[in-house]
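**Q** The following block contains the structure, expressed as structure tokens.
All of the numbers you see were taken from the coordinates with simple rules; none came from a lab. Quantities reported herein were computed from a predicted structural model and do not represent experimental measurements. A quick note on method: Cβ atoms are made from the backbone with ideal geometry, for glycine too, and the neighbour counts reach across all protein chains shown.
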Amino acid sequence: MEKELFNQFGWELTMEEASLPDGRKKKLVRVHRCDSVHILAFDKDCNVLLLREFRPFYGKYIWMLPSGRVDKENDIETAAQRELQEETGFRSKSLTHYCTTQHSESMNFANHIFIAKDLTEDPLKQDDHELIEVHAMPLEEAIEKVLSSPVIHTASAFALLRYTHEHP
């Protein structure tokens, strides 16, 4: 059973009932929205492209990977390439899906993480409402910046830490 509570501006809020293994029912409110993409981009010197972006509701700049919603196209790879171009000015000739994460049971949208290599300059116009600085830095420094940010961008922290764990 699903009951819609709110549906505007790309966000939907529903009350849903789920069955537990023992037969009991659990009611929960779920948030639905389009998925997001996050790009771990490496330049020719193996530096990570990291953004320092102003987030108005935090009133601060935070460090994060190039990221954005899959709301202008249906394909996550196309969305990742677009976000990379809009936010860094580069296109990747080697864009690979790395992993997908979920926020939580009640937040019904996914974070698709990509690895981008073989970058060439090919900028797209940034969104008018974004204040972004692009910085290239070693992986270890990128991790330090993201983890010491005043507000930690969870998908960026996860992507950087997982990549470091799998590529020591």
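**Q** Mind checking the full-extension length gain between K117 and M15? Use 0.36 nm per residue of separation minus the Cα-Cα distance, one decimal, nm.
**A** Difference between extended and current length: 32.5 nm.
**Q** Separate question: I'd like to compare 137-143, 32-38: which one has the highest average count of other Cβ atoms within 10 Å, and what's the full order after that?
**A** For the peptides 137-143, 32-38, the packing ranking is 32-38, 137-143.
**Q** Quick check: residue separation of E133 and H97 times 0.36 nm, minus the Cα distance between them. What number comes out in nm?
**A** 10.5 nm
**Q** Let me ask something else about it. Put a dot 7 Å past each Cα toward the Cβ at Q126 and K44; how far apart are the dots in nm?
**A** Each label point lies 7 Å from its Cα, and together they span 2.4 nm.
**Q** On a straight-distance basis, which aspartates and glutamates could pair with K3 in a cross-link, Cα separation under 14 angstrom, same-chain partners fewer than 8 positions away excluded?
**A** Filter leaves E12, E16, E17.
**Q** How compact is segment 36-78 by the rule of thumb for globular proteins, expressed as Cα Rg over 2.2 N^0.38 Å?
**A** So the Cα radius of gyration is 1.38 times the expected 2.2 N^0.38 Å.
**Q** Another question, then. Once Rh for the chain is found with the Kirkwood sum over Cα pairs, what is the Stokes-Einstein diffusion coefficient at 4 °C and 1.567 mPa s, in µm²/s?
**A** 75 µm²/s
**Q** Relative to the Cα centre, what is the charge dipole magnitude of segment 34-166, using +1 at the beta carbon of each Lys and Arg, -1 at the beta carbon of each Asp and Glu, and rounding to the nearest 20 debye?
**A** So the dipole magnitude of segment 34-166 works out to roughly 160 debye.
**Q** Most fluctuating residue of F90, F57, F109 in a GNM of the chain with Cα springs under 10 Å: which is it?
**A** F57
**Q** For the cross-link pairs K93/K125; K60/K125; K60/K93, which exceed 27 Å when the distance is taken from alpha carbon to alpha carbon?
**A** K60/K93, as the Cα separations exceed 27 Å there.
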